[in-house]
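Structure, as structure tokens:
The values are calculated or read from the model by the stated rules, or taken from the named source; none is laboratory data. This is a predicted model, so every value here is computed, not measured. All Cβ positions, glycine included, derive from the backbone under ideal geometry; neighbour counts span all protein chains shown. For the accessible areas, the whole protein counts, side chains as well, though only heavy atoms, and no ligand, DNA or RNA atoms are used. Shrake-Rupley method; radii C 1.70, N 1.55, O 1.52, S 1.80 Å.
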Protein chains: 6
Amino acid sequence: MPIVTIQITREGTSPGATAATAEEKAALIQGVSKLLLDVLHKPMDSTFVVIDEVETENWGRGGLPVDRYREQQRARSSE
Amino acid sequence: MPIVTIQITREGTSPGATAATAEEKAALIQGVSKLLLDVLHKPMDSTFVVIDEVETENWGRGGLPVDRYREQQRARSSE
Amino acid sequence: MPIVTIQITREGTSPGATAATAEEKAALIQGVSKLLLDVLHKPMDSTFVVIDEVETENWGRGGLPVDRYREQQRARSSE
Amino acid sequence: MPIVTIQITREGTSPGATAATAEEKAALIQGVSKLLLDVLHKPMDSTFVVIDEVETENWGRGGLPVDRYREQQRARSSE
Amino acid sequence: MPIVTIQITREGTSPGATAATAEEKAALIQGVSKLLLDVLHKPMDSTFVVIDEVETENWGRGGLPVDRYREQQRARSSE
Amino acid sequence: MPIVTIQITREGTSPGATAATAEEKAALIQGVSKLLLDVLHKPMDSTFVVIDEVETENWGRGGLPVDRYREQQRARSSE
């Protein structure tokens, strides 16, 4: 009876989207439940999945909020 | 000094409600703090409780988002 | 289908015990599942409970590891 | 830069094993990172995975520690 | 590659603010990443920080929602 | 009344150490509690800190357990 928590930034991956779509979330839920069935033989019915969407200003990396971290990375790679 | 995290789907239990009410949340906080006092003698003052409300499209079970999982269960039980 | 996480320090409450006993853990699981049934009408079968025992040196309060925090509190109250 | 937390009971799935093996854990890490790449186009390098193994006496379902819950389910299904 | 999760109530600390500001969040991210570099020599680039803002009615202490807990504390200290 | 959770791999940073030392943990607890006081004016007494040490085989990055990920990074940087 596994519990899987998926934390992602709240932002879209397709043009115009501002967050993961319901279809993308369903694909994550389906995929990770299937993975636990395949690897550890856990029945899909007993796997819980929680997707936690985090505002980009609440996510940090490299000591910076993620938007500024990405700008910094782009600036470096174009040097 | 326990920390209790209660994750629930954001939906109502009483007619017309779209989420747990403030009264229901207060009852959860009171009840779980009392439980830790009774079972482990933890002073209520040092127990923290966090209620995390999760959108139904972000909660999965049986490889499906929870709304579709419930439809599936209802369909099965009415077969 | 709630998920409840109970974080406690790993230490005993009864003489000689160095951690919560299996009976105490069972009482926490039973009590919190019953609470979610009573307050939010969640079927007990769909509530998951996870108890997370944390070493005292890994738990901090008041800027101090919990053992030193308690010593400080005792020293203050006996002043 | 997603974070995935996989909580499972500490118990084996293959004969003689008392916990998930290093190979099974590696397969979970590989599979879930690949899933986030496929569904949300997240580079595998920026996905963190944490596997949290929980003792069976610390995991509850149906108001019971998981070992007792399973006994109850088996007893019911053999009625 | 540490992960730091900071849970705070959603409320402002400066006059007129109803939540932590983007600047305050950036200072938390910067400060905690620097702390892990100083104490455990973790490169800042590999530290992830997630700030989780919790509504005050979803946060409990002393068996009460936090707003009522604070009222109670104020009432006691003015006795 | 913030809660800070610090997840790190269980491994030493000083020669011969196989995990963060009690002194290093105390420094993390002190530092992060001070940070919340400085940035958000949270009294240190009401900040809880939990340090969660994760076995390296339970931590993944880049689709690999962390030990293998580091080997891969070293091999790449020496090419």
Over what distance in Å are the Cα centres of segment B:1-76 and segment F:1-43 separated?
-> 30 Å
Which percent of the Cα-Cα distances in chain C go past 18 Å?
-> 56 percent
What order, most packed first, do the peptides C:42-49, F:37-44 have when packing is the mean number of other Cβ atoms within 10 Å of each residue?
-> C:42-49, F:37-44
Taking every DSSP beta bridge that has both residues in the protein assembly as shown, what percent is antiparallel when rounded to the nearest 5?
-> 50 percent
Using unit Cβ charges (K, R positive; D, E negative) and no other charged atoms, how large, in debye to the nearest 20, is the dipole of chain B about its Cα centre?
-> 220 debye
Bridge type composition, chain C - antiparallel percent by DSSP, nearest 5 = 20 percent
Expected response for nearest chain D Cβ to the D-F rotation axis, distance in whole Å, is D:D52, 5
Cα-based helix-to-principal-axis angle, D:66-77 vs chain D, degrees rounded to 10 = 60 degrees
Rounded to two decimals, what ratio of Rg to Rh does the protein assembly as shown give with C-alpha atoms and a Kirkwood Rh?
-> 0.95
Of all accessible heavy-atom area on chain E, the percent that carbon and sulfur account for (1.4 Å) = 49 percent
Sites matching trypsin sites (Lys or Arg not before Pro) across chain A that sit in DSSP coil, with at most 15 neighbouring C-beta atoms within 10 Å | A:R10
Can you pick out the pairs among E:K25/F:K34; B:K42/F:K34; A:K42/C:K34; B:K25/C:K34; A:K34/D:K25 whose Cα atoms lie more than 18 Å from each other?
-> B:K42/F:K34; A:K42/C:K34
For C:E57, tell me the accessible area in Å² from a 1.4 Å probe, rounded to the nearest 10.
-> 80 Å²
Per residue of D:61-74, count partner chain C-beta atoms within 10 Å of its C-beta, then hand back the mean as an integer.
-> 4
Sorted by chain and number, the residues with a modelled amide H under 5 Å from that of B:V50, at a separation of 5 or more or across chains, are B:V4, B:T5, B:I6, E:G60
When C and D pair up, the total accessible heavy-atom area removed from solvent (1.4 Å probe), in Å² to nearest 100, is 1200 Å²
Extreme residue, positive dipole direction of chain A, given options A:S77, A:A27, A:F48 (C-beta unit charges) = A:S77
Taking chain E as a Gaussian network, Cα atoms linked when under 10 Å apart, which of E:L64, E:L36, E:L28 shows the biggest mean-square fluctuation?
-> E:L64
To the nearest 10 degrees, the tilt of helix E:22-40 (Cα long axis) against the first principal axis of the alpha carbons of chain E is 60 degrees
Taking every residue in D:14-21, how many Cβ atoms of other protein chains lie within 10 Å of its Cβ, on average?
-> 1
Measuring with a 1.4 Å probe in the full set of protein chains, what accessible area per residue, in whole Å², belongs to chain F?
-> 43 Å²
Under the definition of partner shielding as Cβ atoms of other protein chains within 10 Å of a residue Cβ, what is the mean value for peptide C:42-50?
-> 6
